[in-house]
1. Out of all the residues in the stretch 199-216, is one or more away from the ligand (no atom under 15 Å from the Cβ), free of Cβ contacts under 8 Å to residues at least 60 places away in the same chain and farther than 25 Å from Ala39 by Cα?
2. When you scan the stretch 49-72, how many residues do you find that are touching a residue at least 24 places away in the same chain (Cβ under 8 Å), more than 12 Å from the ligand (Cβ to nearest atom) and hydrophobic (A, V, I, L, M, F, W, C)?
3. Going through the stretch 7-37 one residue at a time, which ones are within 16 Å of the ligand (Cβ to nearest atom) and of a type outside the set (Val, Ile, Thr)?
4. Hey, does the stretch 81-103 have a residue that's under 30 Å from Gln138 (Cβ atoms) and in contact with a helix residue (DSSP H, G or I) (Cβ under 6 Å, 6 or more places away or on another chain)?
5. Looking at this structure, is Asp75 within 16 Å of the ligand (Cβ to nearest atom) and farther than 22 Å from Glu88 by Cβ?
6. Enumerate the pairs (first residue in the stretch 221-243 and in contact (Cβ under 8 Å) with a residue 60 or more places away in the chain; second residue anywhere and part of a strand (DSSP E or B) and open to solvent by 70 Å² or more (accessible area, probe 1.4 Å)) with beta-carbon separation below 8 Å, excluding pairs fewer than 6 apart on the same chain, so at least 6 apart or on different chains.
7. Go through (1) among the β-branched types (Val, Ile, Thr); (2) in contact with a helix residue (DSSP H, G or I) (Cβ under 7 Å, 6 or more places away or on another chain); (3) at pLDDT below 95 for Val236 and report which single condition fails.
8. What's the total number of residues in the stretch 144-164 that are buried (at least 23 other Cβ atoms within 10 Å of the Cβ) and more than 18 Å from Leu222 (Cα to Cα)?
Amino acid sequence: MKLNVYAVPDSVSDKDLKDKIVVIIDVLRATSTILAALANGCKEVIPAVEIEEVINMSKNYEKDSFLLCGERNIDAIDGFHLSNSPLEYTADVVAGKTLLMTTTNGTRAIRKAADADEVLLCSMTNVEAVAEYIHNRQKDTVFICAGTDGQFSTDDVVTAGVVISRLAEMVDELELSDLAFVARKIYESSAGDLHGLLKNTLHYKRLIEFGLEKDIEYCLTLNAAPVVAVYKDGVVRTIDNILS
Ligand code: MLT
């Protein structure tokens, strides 16, 4: 099984995704937030690139059936129901709702994989579920890191490293690209101290500046939202929802 990691979405072309499982990662915070919402019973999440797009989509939904969600440059968006803090997406707020969501980098990265046929969302909060899914499918896999404003973001690469490290325990024949190899090594060298590893990185520090320590704590909690989230036909749902 071949595993490849792309540091930013712009370095990926459609042919790189063909016949692969594609795993999108924005651990701080978009994929962590979407996974929290799904684990807490939201119906589905529709990722959008622009704020306007979210507002236009909302016109097709019954009042009270949807929530406008997301952020721009970490700040909440005026008039939206929820920001990009996973801690806001509790069951009493999101259960049964369609979430229309835009974030600065994460939802853009998800949309990059719109034409791929098997797309999963990943964060530290569902690494085990993602590793098991890939292991069961036995298929070559591409990890796309959302990054921050077009730049490499260590937190996303380390998250890929956790999944790769788990897969290395499950699968005998793994073929790693150079960045997949580095991702695994960085994670395994952290000795389980993810905060110690990431505390000097850009997005971690920016979230601290915004007073979002609790969000970071949640986003770096392994398997806190143990769902398999699949992006298909423009919508993210849990695999259990899709199969039922
Ligand atoms: C993004 O999509 O850029 C992020 O998830 C930023 C954040 O809200 O931390």
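1. Yes: one or more hits.
2. 6
3. Passing the criteria: Ala7, Pro9, Asp10, Asp26, Leu28, Arg29, Ala30, Ser32, Leu35, Ala36, Ala37.
4. Checking the stretch 81-103: not a single residue is under 30 Å from Gln138 (Cβ atoms) and in contact with a helix residue (DSSP H, G or I) (Cβ under 6 Å, 6 or more places away or on another chain).
5. Criteria not met by Asp75.
6. Between residues of the stretch 221-243 that are in contact (Cβ under 8 Å) with a residue 60 or more places away in the chain and residues that are part of a strand (DSSP E or B) and open to solvent by 70 Å² or more (accessible area, probe 1.4 Å), the close pairs are Ala229/Arg237; Val230/Arg237.
7. Here Val236 meets the rest and fails (3).
8. Counting residues in the stretch 144-164 that are buried (at least 23 other Cβ atoms within 10 Å of the Cβ) and more than 18 Å from Leu222 (Cα to Cα) gives 4.
The values are calculated or read from the model by the stated rules, or taken from the named source; none is laboratory data. In this text the structure is predicted, and so the values were computed from the model without any measurement. Note that each Cβ is placed from the backbone with ideal geometry, even for glycine, and that neighbours are counted across all protein chains shown. Each accessible area value is taken on the protein alone, full model and side chains, heavy atoms only, with ligands, DNA and RNA left out. Shrake-Rupley method; radii C 1.70, N 1.55, O 1.52, S 1.80 Å.
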